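The values are calculated or read from the model by the stated rules, or taken from the named source; none is laboratory data. What you see is a predicted model; the values in this text were computed from it and never measured. Neighbour counts run over all protein chains shown; Cβ positions are idealised from the backbone, glycine included. Just the protein is used for accessible areas: all its heavy atoms, side chains included, with ligands, DNA and RNA removed. Shrake-Rupley method; radii C 1.70, N 1.55, O 1.52, S 1.80 Å.
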Amino acid sequence: MWREIANREAGKTRPNSFKSRVTSGLSSDLQLSNHKDIVSPHRGSVNSLQVDLTEGRYLLSGAADASTAVFDVQRATEYEGGGAIAKHRHVFAIDKQHRAAHKFAVSTAIWYPIDTGLFITGSYDHYIKVWDTNSTQVVMNFKMPGKVYRAAMSPLATSHMLIAAGTEDVQVRLCDIASGAFSHTLSGHRDGVMTVEWSTSSEWVLVTGGCDGAIRFWDIRRAGCFRVLDQSRTQLGRRLPVLRRSMTNKKKTVTGNGAKQQLALGRTPGKGSVKLRMHPGLLSTQDRATAHYGAVTGSRVTEDGMYLLSAGSDSRLRLWDIESGCNTLVNFETARLQTSKPIQMATSGDSRLAFVPCMTAVKAFDLWSGETSMVLRGHYENVNCCWFSSQDQELYTGGNDRQILVWSSSKPHEDVSVAEDGDNWSD
């Protein structure tokens with residue numbers, strides 16, 4: 001570490017390279033934290049976890065006992081062991097005693113992307129609720145046609161306030177917080193939708209995975225999906241980084257009829273009249289393509305928006321190139337995955353490691369080789385969800401044992417105190 005710091009001070013290492021090396025070293029050396037403990041108030045399995053995207057400070061959890069809780073992961077409630085162990089109790093919890101609480105299991109709990117003043121929960125009671133964090137009151141209700149498996153909001157959105165909801169119904173519904181009504185529905189799946197994920201490179205692109213084994217890409221500004229992933233359509237290996245591709249993919253000049261046309265390498269000029277490209281959603285062979293032989297139980301888009309990791313009830317993990325829509329044929333080592341409910345996966349900040357709940361353990365896979373980098377064991381029952389905090393370089397996991405565990409680097413680090421804040425939430 002000191003050598004890296006000395007190289008950075010001497011100007012031998014670029015800032016981005018220094019940051020990447022430090023974070024990679026921390027995320028590849030995770031173990032059960034011996035200095036931070038989350039005291040869970042839940043009496044059912046923990047199904048969803050998320051740290052807010054604005055401050056990286058508040059952890060939101062949802063559980064099968066219809067409860068939701070918020071924790072401050074940067075300021076401890078109390079200390080034990082002579083100040084060595086920081087106990088983090090919930091700032092507040094909403095359970096069945098609350099007048100507006102869910103009646104059945106909370107399957108998903110997410111923060112409003114740009115403000116901790118709101119959070120959203122989805123439940124098996126067929127409702128999606130939007131909550132005011134300051135008053136812990138429901139400000140908006142959306143009645144869904146079936147059990148809610150997953151809900152998601154785009155972290156990039158500046159033009160819309162849409163919640164994408166995957167339920168046991170075949171249609172994906174977009175709930176508009178601005179109007180309090182459904183914006184529109186996306187039809188294409190032939191069975192329930194277990195995963196929904198927004199692109200990290202475009203606020204208009206939504207990725208959904210269904211019990212029919214299909215993964216579909218949607219541009220919410222247009223009707224129909226524009227891509228259906230096919231596991232038999234493959235490409236070997238990883239794409240070159242953008243900077244290297246810009247150097248190698250030089251354009252060549254094609255002369256015809258006295259005019260010069262710039263064409264990228266690997267592409268040929270069209271002959272005759274331009275043929276309109278048929279929408280993939282209208283092609284029966286592509287429309288029936290599957291990404292997994294069973295239900296798609298989990299999906300995660302990498303931070304750069306270039307790849308998609310998917311998990312299925314066939315106990316397979318697949319890495320997809322989003323630009324080409326091809327299966328990259330990364331051979332992930334054998335892993336047992338839950339098949340009866342969705343799982344929440346996570347990736348490290350540099351998208352080098354993928355954290356996948358594998359029954360009672362969490363396996364960290366190298367995203368590009370498929371090899372198992374770490375096996376994190378600490379839960380007594382099946383693990384349902386993971387969330388990696390890029391700010392603290394910590395992994396949070398929740399399982400059927402009702403516990404929320406913290407995994408951090410075994411390397412020593414300095415404790416950074418949080419400045420006093422009179423208001424717990426952003427206004």
**OP:** Would you check if ARG300 is among the basic types (Lys, Arg) and under 24 Å from MET153 (Cα atoms)?
**Re:** yes
**OP:** Sort through ARG318, ARG402 and tell me the only one that's within 30 Å of ALA66 (Cα to Cα) and either basic (Lys, Arg) or out of contact with any Ser or Thr (no Cβ under 8 Å at 6 or more places or on another chain) (or both).
**Re:** ARG402
**OP:** Within segment 42-52, track down each residue that is of a type outside the set (Lys, Arg) and either in a strand (DSSP E or B) or surrounded by fewer than 17 Cβ atoms within 10 Å (Cβ to Cβ) (or both).
**Re:** GLY44, VAL46, ASN47, SER48, LEU49, GLN50, VAL51
**OP:** Quickly run through segment 169-183 and pick out the residues that are at negative phi, of a type outside the set (A, V, I, L, M, F, W, C) and in contact with a strand residue (DSSP E or B) (Cβ under 7 Å, 6 or more places away or on another chain).
**Re:** GLN171, ARG173, ASP176, SER183
Original post:
What number of residues in segment 306-326 are on the phi > 0 side of the Ramachandran plot and buried (at least 24 other Cβ atoms within 10 Å of the Cβ)?
Top reply: 0
Original post:
Quick one: what pairs do we get from segment 131-150, first residue free of Cβ contacts under 8 Å to residues at least 12 places away in the same chain, second part of a loop (DSSP other than H, G, I, E, B) and of a type in the set (Phe, Trp, Tyr), C-beta under 6 Å, 6+ apart or different chains?
Top reply: none
**OP:** Hey, can you tell me all the residues within segment 364-391 that are among the charged types (D, E, K, R) and open to solvent by 50 Å² or more (accessible area, probe 1.4 Å)?
**Re:** GLU371, ARG377, GLU381
Subject >> Qualifying positions in segment 164-206 - of a type in the set (A, V, I, L, M), buried (at least 24 other Cβ atoms within 10 Å of the Cβ) and closer than 18 Å to ASN141 by Cα >> reply: ALA164, ALA165, VAL172
**OP:** Keeping to segment 129-138, report how many residues are open to solvent by 10 Å² or more (accessible area, probe 1.4 Å) and closer than 13 Å to ASP176 by Cα.
**Re:** 1
Original post:
Across segment 87-116, what is the total count of residues that are part of a loop (DSSP other than H, G, I, E, B) and open to solvent by 10 Å² or more (accessible area, probe 1.4 Å)?
Top reply: 15
Subject >> From the options LEU156, LEU236, residue that is farther than 17 Å from HIS292 by Cα, at pLDDT below 90, surrounded by fewer than 19 Cβ atoms within 10 Å (Cβ to Cβ) and hydrophobic (A, V, I, L, M, F, W, C) >> reply: LEU236
**OP:** May I ask you to list the residues in segment 137-193 that are of a type in the set (Phe, Trp, Tyr) and closer than 24 Å to CYS385 by Cβ?
**Re:** PHE142, TYR149
Subject >> Pairs with Cβ under 8 Å, 6+ apart, first in segment 315-340 and over 19 Å from ALA214 (Cβ atoms), second among the charged types (D, E, K, R) and open to solvent by 50 Å² or more (accessible area, probe 1.4 Å) >> reply: PHE332/ARG316; GLU333/GLU371
**OP:** Residue by residue through segment 53-79, note down the ones that are touching a residue at least 12 places away in the same chain (Cβ under 8 Å) and open to solvent by 60 Å² or more (accessible area, probe 1.4 Å).
**Re:** LEU53, THR54, GLU55, ARG75, THR77
